[in-house]
1. Using 7 Å Cα-to-Cβ label points, what is the B:Glu258/A:Leu484 separation (nm, one decimal)?
2. Can you compute the FRET efficiency between B:Ala438 and B:Glu8 using 1/(1 + (r/R0)^6), with r the Cβ-Cβ distance and R0 = 51 Å? Round to the nearest 0.05.
3. Between copies, how far apart are the A:Val265 label points? List them in nm, one decimal, shortest first, with each point 7 Å from Cα toward Cβ, please?
4. At a temperature of 10 °C and a viscosity of 1.306 mPa s, determine how fast the protein assembly as shown diffuses translationally according to Stokes-Einstein, using the Kirkwood radius over alpha-carbon pairs as Rh; express D in µm²/s, rounded to the nearest whole number.
5. Of the listed peptides B:213-224, B:185-196, what is their order by residue-averaged count of other C-beta atoms within 10 Å, with the highest listed first?
6. Between the range A:480-520 and the range A:532-572, what is the C-alpha centre distance in whole Å?
7. Given +1 on the Cβ of Lys and Arg, -1 on the Cβ of Asp and Glu, and no further charges, what dipole in debye does the range A:534-609 carry about its Cα centre, rounded to the nearest 20?
8. Would you please classify the overall shape of the range A:396-539 from the alpha carbon gyration tensor, given that a ≥ b ≥ c denote the square roots of the eigenvalues, rounded means a/c under 1.5, and beyond that prolate means a/b larger than b/c while oblate covers the rest?
Number of protein chains: 2
Amino acid sequence: MSPKITTELLKHLRQVMKNPRYVQEPVQAYIVPSGDAHQSEYIAPCDCRRAFISGFDGSAGTAIVTEQHAAMWTDGRYFLQAAHQMDSNWTLMKMGLKDTPTQEDWLVSVLPEGSKVGVDPFIIPADQWKRMSKVLRSAGHDLVPVKENLIDTIWTDCPQRPCKPLITLDLSYTGVSWRDKIVALRSKMAERKVMWFVVTALDEVAWLFNLRGSDVEYNPVFFAYAVIGMNTIRLFIDGDRMMDPAVREHLQLDSTLEPEFKIQVMPYGSILSELQAVGAGLSPKEKVWLSDKASYALTEAIPKAYRYLTPYTPICIAKAVKNAAETEGMRRAHIKDAVALCELFNWLEKEVPKGTVTEIVAADKAEEFRSQQKDFVELSFATISSTGPNGAIIHYKPVPETNRTLSVNEIYLLDSGAQYKDGTTDVTRTMHFGTPSAYEKECFTYVLKGHIAVSAAIFPNGTKGHLLDSFARSALWDCGLDYLHGTGHGVGSFLNVHEGPCGISYKTFADEPLEAGMIVSDEPGYYEDGSFGIRIENVVLVIPAETKYNFKNRGSLTFEPLTLVPIQTKMIDVNLLTEKERHWVNEYHQQCRDVVGAELERQGRHEALRWLLRETEPLAPLQ
Amino acid sequence: MSPKITTELLKHLRQVMKNPRYVQEPVQAYIVPSGDAHQSEYIAPCDCRRAFISGFDGSAGTAIVTEQHAAMWTDGRYFLQAAHQMDSNWTLMKMGLKDTPTQEDWLVSVLPEGSKVGVDPFIIPADQWKRMSKVLRSAGHDLVPVKENLIDTIWTDCPQRPCKPLITLDLSYTGVSWRDKIVALRSKMAERKVMWFVVTALDEVAWLFNLRGSDVEYNPVFFAYAVIGMNTIRLFIDGDRMMDPAVREHLQLDSTLEPEFKIQVMPYGSILSELQAVGAGLSPKEKVWLSDKASYALTEAIPKAYRYLTPYTPICIAKAVKNAAETEGMRRAHIKDAVALCELFNWLEKEVPKGTVTEIVAADKAEEFRSQQKDFVELSFATISSTGPNGAIIHYKPVPETNRTLSVNEIYLLDSGAQYKDGTTDVTRTMHFGTPSAYEKECFTYVLKGHIAVSAAIFPNGTKGHLLDSFARSALWDCGLDYLHGTGHGVGSFLNVHEGPCGISYKTFADEPLEAGMIVSDEPGYYEDGSFGIRIENVVLVIPAETKYNFKNRGSLTFEPLTLVPIQTKMIDVNLLTEKERHWVNEYHQQCRDVVGAELERQGRHEALRWLLRETEPLAPLQ
């Protein structure tokens, strides 16, 4: 991976930062956040402005360019990747390390007195604007909205914004109709005494209307906003996709409906002016509910006194708790996904020793097996297929320049998943096709112990996920090892593979309490820079637990693995496991045999079935 | 404990809330916070305004009185106590439970439109003012400062503010002179480019000047403020205590000093006007550093643009990391404290079966034994001496009406500590003087497992204490049990028994990372309402740990118990312990024998020594 040469680009950007055609006054710094106007994590090519200006294309990062400096903030998953992709114009700011300044503090330290810091008001979330603006102002600087995106002005071959056909989902997938979702939303609005709710996150629009799209790779969403009133529904969306009879039927656009369920379709680009009109027409006490992560531009459209901002919207919270139809769909999707991975690992076991399987070949093969499964739509994120030292690059994606050949001498880490119409998968397995070293087995076993500690944890109803994060680290910590990422994230139901409001991470304190029906990943790891990476990831469902004393009827929760893919026993140092942990592995493998074995049988995949049976032999009792 | 009858008092308060003699405009609600003008947790009798108006005298709680309602917010430690002490005029708001409204939300729900909410601006911290004021304003109400404290206007027999003599501490206790502390503080100020630092917390003033007092029971502090400039030192303190030759000598008040170390002594009551004068005389860029928990009144004295507010002051952070002299002092204090407790428990073992020992007698006896130790000053908090159901009242203090007699049929919980000139102690032991039930032993053993999980935890340098909280709960959670308080708090060095900025609690996310030299408590518990309480508490020192891989030179930390008092083995169900846990108990008890045994021998306390040896017999191997 050679770095992108950005000298000319930065020169050009610094020119437009002073060009009165684009800025009212020159800006001494320009912030290029990661997201799009919906604060999406995964974005369309036309929104990859930070990658365009810097070369760094990981999923999280913020670039800031001043007259003298160019700096990139990203987290532990991306330290190595960012260092590889950026040229020497850029300074890497490693978030999460003690000595790394915040963006605001860094700006204050490098800017000349009374500077203007520019940012696209549609891209920066309102909460971040507020925080930065405050710090900058107290240091004598100003954060200013720059209406025209300055990257777009220098990005001559910027791709078009996608506008792909929609998929309608019926009740067998969603469990609840969009009408009932609107009713539930309005009841939450009534509870909080708000008259309007603005849906800005793409997955929230998709979930609310039981529609899916493919405007953004890996995330089955489409560019749209919605504004829900107590008696009106406005959907802001472009293109001729609203001409599709299936969509018209699904949204009942041509039916005679009660007025409060009649959807008004409006152009995507009219959201700001429509919202300003709503803002201007409010009577006292009429509040408008927005996420505090909605863009500064849309938030400002509503006068401050009328805003009702929350970190998580009622849709975000409702979406996180999967209903029976969604849970059953997720189960089906994970069984199909396991079938594909059994095929893949069986194939790899035979092919790797021949020395012809590269990381890219393995990733493509994984996609091929997945695409053979019913209701497969696309992958749920870029496959992380990494061997040896590439495994230590936490969110690595193989490209021709970095593509290594799998061998019997190196650890192979595969983190991959798919979108099926009935559910979203995300699974990581770490394997060795030869003989792992004692050290590799030791590290793998600590990671496994952490994985089990979370998966088997029992905790009272109402516990927030971040309180479980240390369980995943305890075995690693005992030996002086750790990993620089959270332990788990929420997973959507045929939606974004990363979703809020729950998760398991030392970094998140604003997470909502876990409740039965939520789905998160459990994925501790260990990374030895330059040598190997280990991660063991299952998607798990929060379920009620049975305990002896049941927290005085407060209720108990635990997790049930939805992912049912063997964990390579060859990598386990059984002597480092407790009896309880050994039992957990054997029970888990028995479940893989029972559930996935039956499906392999049904699909007539006999060789993969034999592989599954070999890989799920019970661990021998402790010595 | 019978509740305080508050009907007349509330009537009187509601009158002054409308009396133009005290309020510019009538206030529809009046907030009575817990603290004093220094936001102290433990307060002098003259500052116990919330207890005066409500009857509830726990260490944490906020009362709000409106024309119709009177409500009290407190946390899990005090639910039972508050319910017992307050009459039916009061509604108890149980903080930490999901359905309990915040004070702001509750006010919004009960107040008539456009209400004024009054509060003493010296008592409410600035950060809390800001939060409440914002919510109230957005709901159309106003938070207003009421200069005269309304409780004081109706509190006819309010005691005088204490003004007791000071204790000077020499280098053998403090390790660092006050001059060197000022130098270090000024260097932190220079780093942040602030010109002034306002010391508002009483323990910070005491620590900075190496002085102690006894204005507040249990906390060896004195009423004072300090304002430190780059070239000036102002100490705001009342009374003739500055006439004491020892104090004058210690502070070098009569010496010829470099001007920047010359202390200007000023009246305590002049802080606001002096600070306003500082605020008025600031040049651009001259910032004033205050805690964001400093009172609203003092914070407002500095114009907003000149304020530099942080959640923890540099003194708070420096004070938390104990130096060698302080650590050695804490060790000595804990050995003496253990001697006193061995005497006490030996005495209790003989006396309890006679049926003559009440909770108060036991508490007094504990104080008597402690007072026999060198450099004993006073207790560090009100002794929690509780038997049977009283043990479930987490911060119980025996009074004649509740005083139970210890017996061989009930669990006894003693949470107590002392101030010695060389250190502060805080220890909880739970004992049975007869035969505990299987259930009592089971609960005790889970609590012990949690205690050990924290005490023996190994974690990377820079870890925040709240990430360890769940370790203390895991064994309880597995069986559906939990406790409604944090696991640990920072402990001062001959200072407040509760101090920031570190701790171990699921509730605190703003804690500073743990570092070697910090001292915290480790005190999980389990409480069965109406039956018994269990808590096992040691004070522990953060020390470097040795690990196999040492976090790639980031360094490892763990804890060393400073408290060396036997944990009653009779209460342990050994079969619930792992081999590692059993080993921990035996090692701990061996250390009690070695260290405390030697001191008991030296002090000629042979009977207590025999008790110690009996109580520290190694646990038998697991069956």
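Since every read-out is calculated from the coordinates, none of them should be taken as a lab result. No experiment lies behind these values; they were computed from the predicted model shown. FYI the Cβ positions are ideal-geometry reconstructions off the backbone, even for glycines, and counts take in every protein chain you see.
1. Here the answer is 4.1 nm between the modelled labels.
2. On the way: r = 51 Å, r/R0 = 1.00.
Calculated transfer efficiency: 0.50.
3. Here the equivalent label points are 8.4 nm apart from this one.
4. Working: Rh = 33.3 Å.
Diffusion coefficient, whole number: 48 µm²/s.
5. Numbers: B:213-224: 23.4, B:185-196: 16.2.
Sorting B:213-224, B:185-196 by mean packing, highest first, produces B:213-224, B:185-196.
6. Taking the Cα centre of each part, the range A:480-520 and the range A:532-572 sit 14 Å apart.
7. Working: 10 positive and 11 negative charges, 57 e Å.
About 280 debye.
8. Numbers: a/c = 2.24, a/b = 1.36, b/c = 1.65.
Oblate is the answer for the range A:396-539, as a/c is 1.5 or above yet b/c matches or exceeds a/b.
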